[in-house]
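The values are calculated or read from the model by the stated rules, or taken from the named source; none is laboratory data. Nothing here was measured: the structure is a model prediction, and the numbers come from that model. Backbone-built Cβ (ideal geometry, glycine too); neighbour counts: all protein chains shown. Just the protein is used for accessible areas: all its heavy atoms, side chains included, with ligands, DNA and RNA removed. Shrake-Rupley method; radii C 1.70, N 1.55, O 1.52, S 1.80 Å.
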Amino acid sequence: MKEIILNHPMVSHKISILRNKDTSTKEFRELISELATILCLEALRDAKLESFKVKTPIDETEGFKINENNYAFVPILRAGMGMVDGVLTVIPNAKIGHIGLYRNESTLEPVEYYCKLPNKIEEKTVILLDPMLATGGSAVNAITQLKKREVKKIKFLAILGAPEGIKKIKEMHPDVEIYLACKDEKLNESGYIVPGLGDAGDRIYGTK
Ligand code: PRP
Ligand code: URA
């Protein structure tokens, strides 16, 4: 079971701006994207490299490359879309799937409304994206949908995670690696992360 929390002063700096209720939509979007890039780099620490010969202007040496075709990004709609540009700067040719889920506001249970995944998804490492891991219902549902399609390797990336959500993923899907920019304190009675940053989707899209 792998749970990685980014521990870096610049991550703390950027998350503090995200948390600020007065941060503009533009800056909020940019920071979600930047943190997604950092999370993705961390998630790819174990990426397999193929070696090849490269000629520099001076000499010939050994170069290395990853096989971009081995990866797919799957944002959980809507807020996960805010992380896509950031992760594409790391693997520009990765395929992209979409899983549509929203939380029922009273039960907090995820409601499925869309799923479109790349061909041969079962052969790829799937990097699942959602800025918020609260109760864990949405992440667990998305992971279950991926496993129904025979996906074997899943890495879940979120900006903020509550202990409740982390525990739920570990219980239901202990093989999934979790990468968080920050672990927050708890959930409040409405299922929001505390101290959190509010509703990520609304802040990315300016819908409230
Ligand atoms: C938010 C967030 C996650 C989910 C997390 O989405 O982006 O998908 O809530 O909560 P959970 O861990 O308790 O399931 P929301 O349902 O608000 O939909 P949206 O992305 O369309 O705004
Ligand atoms: N979804 C959000 O966008 N924010 C929270 O705090 C919890 C779930």
- Note on the structure: Length gained, H13-S190, 0.36 nm per residue minus C-alpha separation, equals 61.0 nm
- Can you pull the one-decimal nm distance between simple spin-label points at T61 and L49, each 7 Å off the Cα toward Cβ? 1.1
- Item | Segment R149-K21, length gained on full extension (0.36 nm per residue, minus Cα span) | 42.2 nm
- Query: In whole percent, how big is the carbon plus sulfur part of the accessible area of the chain, probe 1.4 Å, protein atoms only?
  - Reply: 51
- Of K120/K167; K14/K148; K55/K116; K65/K148, which ones are farther than 32 Å apart at the Cα? K14/K148; K55/K116
- Task: Pull out the extension gain between T207 and Y114, defined as 0.36 nm times the separation in residues minus the alpha carbon to alpha carbon distance; nm, one decimal.
- Result: 31.4 nm
- With a cut-off of at most 15 other beta carbons within 10 Å, and DSSP calling the residue loop, which trypsin sites (Lys or Arg not before Pro) in segment 38-144 qualify? Please list them. R45, K48, K120
- Mind checking the angle between helix 163-172 and the chain's longest principal axis? C-alpha axes, 0 to 90 degrees, to the nearest 10. 60
- Task: With a cut-off of at most 14 other beta carbons within 10 Å, and DSSP calling the residue loop, which GluC sites (Glu not before Pro) in segment 106-208 qualify? Please list them.
- Result: E150, E185, E189
- Point-to-point label distance, S106-I4, nm (Cα→Cβ direction, 7 Å offset): 4.2
- Query: Does anyone have the angle between helix 9-19 and the longest principal axis of the chain? Alpha-carbon axes, 0 to 90°, nearest 10?
  - Reply: 40
- Query: Could you give the accessible area per residue of segment 3-205, probe 1.4 Å, as a whole number in Å²?
  - Reply: 52
- Task: Would you mind computing, in nm to one decimal, how far apart the modelled labels at D85 and E122 are, each placed 7 Å from Cα along Cα→Cβ?
- Result: 3.6
